[in-house]
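Undergrad: I have a structure I would like to understand better, so I am pasting it below and will then ask my questions one at a time.
Computed from the coordinates by the stated procedures, all read-outs in this text should not be read as laboratory data. Keep in mind it's a predicted model, so treat the numbers as computed, not measured. We place every Cβ from the backbone using ideal geometry, glycine too, and count neighbours over all the protein chains shown.
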Amino acid sequence: MPRKLTDAEVDAQKEFMYERTVELISQKGISSITLDDILDAVQMAKGSFYKYYVSKELFLYEVIKKNERVFFDKMIQAAPKIRQNKDSAIEVMRDLFTNKDFLFMSLLPEDTEILLRKAPPSYRKQEEEKSKNNFITFCQAMSIVPNEEFFGTLSYLMLALQAIITSPGNFGETGQKKAILIMMQAICGLIIEETKKNGKKKKFNKKLFFDHLWITFIIMGVCWGMCVICGINGRTKESHAWINAPYILGGFSTTIASYIALKKNKAVAGFKDWLKVVFDFKHGFFAYALAILLPILHLILTCMIGGYEKGSPIYMLIPLIPAMIVGGGLEEAGWSIITFPELNKKFNFVVSGIITTAIWWIWHLPLFFIPGVHQYQKNYFIFGLFVLGSSFMLACIREVTGSVWLCMLCHSIVNALPEVFRYDPLESSVANVITAAVMILVSLIIVRLCKTTNIFK
């Protein structure tokens, strides 16, 4: 009896089939490919093929769609370069669209439609939904407000480019290359125009902002309010373990509210789209350096003025920082996606930072009344100073890098450092006043410098 393949082996087999079929399509096109051609290319018997795919058409369709996803992800990664100017955008497009592994070069505009006709109706609906999601993701990466006119114009231009690329060179190779360049210039010009338009017309999304705010405070109020009531009645997290559940859920209130509010306002297509916005890992060296060095500066200032004791070994930061992404960092999925960016559309950097600080400070208030929590019975006003410095630090990172993930990383480092360098940021008012003042000043300087040139994007 033949051995059953593991999931990893199945994935490897499918990847091999994908790579060989991409080569086959590049050589022959779609219309002339037979099942025997595919079986010969992937070195597989017909019976084995039908264990993976129900038909030749669906297999080819999935290969095309996967190829599109691969190159779409590359375009999203290159978004910062595309946004710079028309020349850099054309350079990116030329590299992507002339890549021999990109099937855009080998497909006629009608090829996918022909395959879809032989597929179940559900596939067409999936195709439409994926196209919509991709468009929204692209617009987010390019800082463009999605609209029907832009979608239609871009779609027509892309179809025209594809038609030129895949057409026979009946009118000369030089003419075809020139036509391709003109179409790329038109597409890039459209994208840059929409990007600039959005930059000039940044509009405060009042509904999104307040949806996130009230959902956050309702979840927080219910969960942490329950913890406060339990504490008043002598039930603590230590004596009653179940209290940890509402306590933790309250900490995730802004994160949960972020997804609900963005989905409700059609700013993200779904959970996967939201995750892409939150965990935008691909940034340069200087962006990561900023997210690491600012909390270190915050630490140095606090320790120099307020003092510290040796805690855990410094290598403990390796597991502590990832742990603190859950233990505080994920808050930035709310504050750094919606709160500060939306306020920054209506107000300047300083005013936006102050309002964000106030919201963040108020949000923490119930923690000062929950027994067993670090903030319990500490000075709420000193904590406000700590929040002020931290808030401007995070606002600076969000402003100059555009990254939510780097804000999460910075927040996590701030939360992890006191475990190694034992200091209590809620003990010294002098330390917090000076630290907050310096962090605000440094943040303003960095934001100002990045108005003309930004090495952190």
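Undergrad: Among the lysines, which have Cα under 22 Å from the Cα of residue 14 when same-chain residues fewer than 8 positions away are ignored?
TA: Candidates past the 8-residue exclusion: 4, 28, 46, 51, 56, 65, 66, 74, 100, 118, 130.
Undergrad: Taking the mean number of other Cβ atoms within 10 Å as a proxy for protection, how do you rank 14-24, 43-53, 338-348 from highest to lowest?
TA: The most tightly packed comes first, giving 338-348, 14-24, 43-53.
Undergrad: Let me ask another. Determine the dipole magnitude for the stretch 207-449: charges of +1 sit on the beta-carbon of Lys and Arg, -1 on that of Asp and Glu, nothing else is charged, the reference point is the Cα centre, and the result goes in debye to the nearest 20. Kindly include the intermediate steps, with their values, before the conclusion.
TA: Numbers: 16 positive and 12 negative charges, 116 e Å.
That gives the stretch 207-449 a dipole magnitude of about 560 debye.
Undergrad: Hey, another quick one. Between the stretch 7-80 and the stretch 335-361, how far is it from one alpha carbon centroid to the other, in angstrom?
TA: So the two Cα centres are separated by 47 Å.
Undergrad: Right, here's the next one. Of the lysine pairs in the stretch 238-340, how many meet both conditions: Cα atoms under 23 Å apart, and a spacing of 8 or more in sequence or different chains?
TA: Details: 263/272; 263/276; 264/272; 264/276; 266/276; 272/282.
Going through the stretch 238-340 pair by pair, I get 6.
Undergrad: If you take the charge dipole of the chain about its Cα centre, with +1 on Lys and Arg Cβ and -1 on Asp and Glu Cβ, which of 151, 401, 240 is farthest toward its positive end?
TA: Selected residue: 151.
Undergrad: Quick check on the chain: helices-only [θ] at 222 nm, where DSSP H runs of length 4 and up contribute -39,500 (n - 2.57) each and the sum goes over total residues. Nearest 500, please.
TA: Details: 21 runs with 322 residues, N = 457.
The per-residue figure over the chain is -23000 deg cm²/dmol.
Undergrad: Taking the Cα centre of the stretch 38-152 as origin, sum charge times position over the Cβ atoms of Lys and Arg (+1) and Asp and Glu (-1), and report the length of that vector in debye to the nearest 20. List each step's numbers first, then the result.
TA: Values: 18 positive and 17 negative charges, 71 e Å.
The calculation lands at about 340 debye.
Undergrad: If one computes the Cα centroid of the stretch 411-449 and of the stretch 100-176, what distance in Å separates the two points?
TA: Value for the Cα centre distance between the two parts: 49 Å.
Undergrad: Note down the magnitude of the dipole of the stretch 105-202 about its Cα centre, charges +1 on Lys and Arg C-beta and -1 on Asp and Glu C-beta and zero elsewhere, to the nearest 20 debye. Kindly include the intermediate steps, with their values, before the conclusion.
TA: Details: 13 positive and 11 negative charges, 71 e Å.
Roughly 340 debye, rounded to the nearest 20.
Undergrad: Can you order the peptides 282-295, 402-415 by their average number of other Cβ atoms within 10 Å per residue, highest first? Don't skip to the end; give the middle numbers.
TA: On the way: 282-295: 17.4, 402-415: 24.3.
Per-residue mean Cβ counts within 10 Å order the peptides as 402-415, 282-295.
Undergrad: Could you tally the net charge around residue 183, taking each other residue with its Cβ under 14 Å from the Cβ of residue 183, Lys/Arg +1 and Asp/Glu -1?
TA: Details: positive: 86, 94, 177, 178; negative: none.
Here the charged neighbours net out to +4.
Undergrad: While we're here: Using only the Cα atoms of the stretch 54-191, build the gyration tensor, take square roots of its eigenvalues as a ≥ b ≥ c, and label the shape rounded, prolate or oblate: rounded if a/c is under 1.5, else prolate if a/b is larger than b/c, else oblate. Numbers along the way, then the final one.
TA: Working: a/c = 1.85, a/b = 1.20, b/c = 1.54.
The shape class here is oblate.
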